[in-house]
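To start, the structure under review is shown below, and the notes come after it.
The values are calculated or read from the model by the stated rules, or taken from the named source; none is laboratory data. Since this is a predicted model, take the numbers as computed values, not measurements. Positions of Cβ are generated from backbone atoms using ideal geometry, with glycine treated the same way; all protein chains shown enter the neighbour counts.
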């Protein structure tokens, strides 16, 4: 089953065309990786999936992006869209508040007031993000006191707290050490049971390790999209082969 | 951008060529020893086995290093995994050439009942298969690899001819039995060498195309 269906998506930042005729399906409960050299459009595309590009001035998009069969660039509540499609960024960006409040922030803005209910959500989100054991005794401490890797898992917990369907991750481990990276990778693999995950990564081995499908982008075009095993062992396109083997990029 | 990796891959190619040349030499020596009933030559062929074993270990170590350091993907990954698989078959080929030489040494006491004419033909054919299969790897020559697989029929045909001839000899005189069985084993070893060359060619095809060869 497809979570997202993209048809003929074109995107411009003023005169610059950042995405060209992107047509692809992103299956539910799988990890889809976007790879490609800097400036290829992969981050632009991932941001289009929850309309984060709306905030960029001069950004214009044509074509169709459907989430569960519903057009997301139509007349829909963008806040609700972003609740369903959460995002984790390259650098951990916890709010300057307590660990507890970081997680409770989203649910509160969506109207949950019950202390009991919030406690439940905080614990579940932290557990799902594999950081409960490290934080359960310091929930009232500042989130900024956590290590980089812990902060990133906290941000994942924060994204999970509003019970999204999809988790978008834009280079979520590029600022982390190898141990934190492998913790996030294990977590992502565990999460795909309940969530659809789209990840942008510059780390080829990471894409090969964790993703089910991989899309290779170049100069705004989707050059090749298929099973990760296939892309990394027998890519169909010479440009994909040249990029992943380090012959250009 | 990746010149060091390319240098290491060239080195891998060179080592594969060297190992190929070694096993070719081992088979040729064993064949000559068989023709001339030359025990010294047979011993020399057996001695080559250590060099081949060492070569296998060296190539294996280089491949492991490349997997670790370069984390290869796509055709690089296929090339290195192919090399790793190939050297197992190449080492088996050298074992079989040594086995042939050992039989030659055992048979040295008595003259041949009959010149084993088809067996040297098998030897020539298998040497060609081995050389071509390693060449196909080095030159990334798909057609050459396919030719090797087809050529196996020639070796199998020769084996059948040898076998029937030996059966006839055994029927003619029971006393021929022992030597006939020795010759049959030698022929079987050559036939197996052909099979190993086929395996190598199949891996080369995988390396080039990414598709596993489906065995009939």
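Close contacts from segment B:1-12, counting a first residue that is within 11 Å of chain A (Cβ to nearest Cβ) and a second that is assigned to a loop (DSSP other than H, G, I, E, B), with Cβ to Cβ under 7 Å and a gap of 6+ residues or different chains, come to B:1/A:246; B:1/A:247; B:2/A:246; B:2/A:247. The strands (runs of 3 or more DSSP E) found entirely in segment A:1-99 that carry 2 or more residues being free of Cβ contacts under 8 Å to residues at least 40 places away in the same chain are A:16-27. Summed over segment B:63-78, the residues that are under 23 Å from residue B:202 (Cβ atoms), in contact with a helix residue (DSSP H, G or I) (Cβ under 8 Å, 6 or more places away or on another chain) and in a helix (DSSP H, G or I) give a count of 8.
A quick yes/no check of all residues on (1) within 14 Å of chain B (Cβ to nearest Cβ); (2) part of a strand (DSSP E or B); (3) surrounded by 21 or more Cβ atoms within 10 Å (Cβ to Cβ):
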{"position": "A:168", "(1), (2), (3)": "no, yes, yes"}
{"position": "A:172", "(1), (2), (3)": "no, no, yes"}
{"position": "A:188", "(1), (2), (3)": "no, no, yes"}
{"position": "A:207", "(1), (2), (3)": "yes, no, yes"}
{"position": "A:217", "(1), (2), (3)": "no, yes, yes"}
{"position": "A:222", "(1), (2), (3)": "no, yes, yes"}
{"position": "A:235", "(1), (2), (3)": "yes, no, yes"}
{"position": "A:240", "(1), (2), (3)": "yes, no, yes"}
{"position": "A:243", "(1), (2), (3)": "yes, no, yes"}
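For residues in segment B:62-74 being buried (at least 20 other Cβ atoms within 10 Å of the Cβ) and within 26 Å of the chain's Cα centre (by Cα), which is nearest to the other protein chains (Cβ to nearest Cβ)? So the residue we want is B:66. So which residues in segment A:196-205 are outside any strand (DSSP E or B) and either touching a helix residue (DSSP H, G or I) at 6+ places or on another chain (Cβ under 7 Å) or within 13 Å of chain B (Cβ to nearest Cβ) (or both), if there are any at all? The answer is A:201, A:203, A:204, A:205. Just a yes or no: is a residue in segment A:179-186 free of Cβ contacts under 8 Å to residues at least 24 places away in the same chain, assigned to a helix (DSSP H, G or I) and closer than 29 Å to residue A:104 by Cα? Yes, some residue in segment A:179-186 is free of Cβ contacts under 8 Å to residues at least 24 places away in the same chain, assigned to a helix (DSSP H, G or I) and closer than 29 Å to residue A:104 by Cα. Inspection of segment A:27-43 finds a residue satisfying the criterion of being out of contact with any strand residue (DSSP E or B) (no Cβ under 8 Å at 6 or more places or on another chain) and modelled with pLDDT under 95. Using the structure shown, decide if residue B:57 is within 14 Å of chain A (Cβ to nearest Cβ), in a helix (DSSP H, G or I) and on the phi < 0 side of the Ramachandran plot. Taking the combined requirement at face value, the residue does not satisfy it.
Every residue, every condition in (1) more than 12 Å from the chain's Cα centre (by Cα); (2) assigned to a helix (DSSP H, G or I); (3) away from chain A (no Cβ under 14 Å), yes or no:
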| position | (1), (2), (3) |
| --- | --- |
| B:80 | yes, yes, no |
| B:87 | no, yes, yes |
| B:99 | yes, yes, yes |
| B:102 | yes, yes, yes |
| B:112 | yes, no, yes |
| B:119 | yes, yes, yes |
| B:125 | no, yes, yes |
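Tell me yes or no: at least one residue of segment A:146-157 is assigned to a loop (DSSP other than H, G, I, E, B) and touching a helix residue (DSSP H, G or I) at 6+ places or on another chain (Cβ under 9 Å). Yes, because at least one residue in segment A:146-157 is assigned to a loop (DSSP other than H, G, I, E, B) and touching a helix residue (DSSP H, G or I) at 6+ places or on another chain (Cβ under 9 Å).
Tell me which residues, restricted to segment B:157-216, are crowded, with 17+ Cβ neighbours inside 10 Å and assigned to a loop (DSSP other than H, G, I, E, B). The one that is crowded, with 17+ Cβ neighbours inside 10 Å and assigned to a loop (DSSP other than H, G, I, E, B): B:213. Scanning segment A:224-233 for residues that are more than 9 Å from chain B (Cβ to nearest Cβ) and touching a helix residue (DSSP H, G or I) at 6+ places or on another chain (Cβ under 7 Å), which turns out surrounded by the fewest Cβ atoms within 10 Å (Cβ to Cβ)? For segment A:224-233, the residue satisfying everything is A:228. Looking at segment B:45-53, can you tell me whether even one residue there is more than 20 Å from residue B:127 (Cβ to Cβ), loosely packed, with under 15 Cβ neighbours inside 10 Å and within 14 Å of another protein chain (Cβ to nearest Cβ)? No, every residue in segment B:45-53 fails to be more than 20 Å from residue B:127 (Cβ to Cβ), loosely packed, with under 15 Cβ neighbours inside 10 Å and within 14 Å of another protein chain (Cβ to nearest Cβ).
One line per residue, one yes/no per condition, for (1) within 14 Å of chain A (Cβ to nearest Cβ); (2) within 18 Å of residue B:19 (Cα to Cα); (3) in contact (Cβ under 8 Å) with a residue 24 or more places away in the chain:
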position	(1), (2), (3)
B:136	no, yes, yes
B:160	no, no, no
B:165	no, no, yes
B:175	no, no, no
B:187	no, no, yes
B:204	no, yes, yes
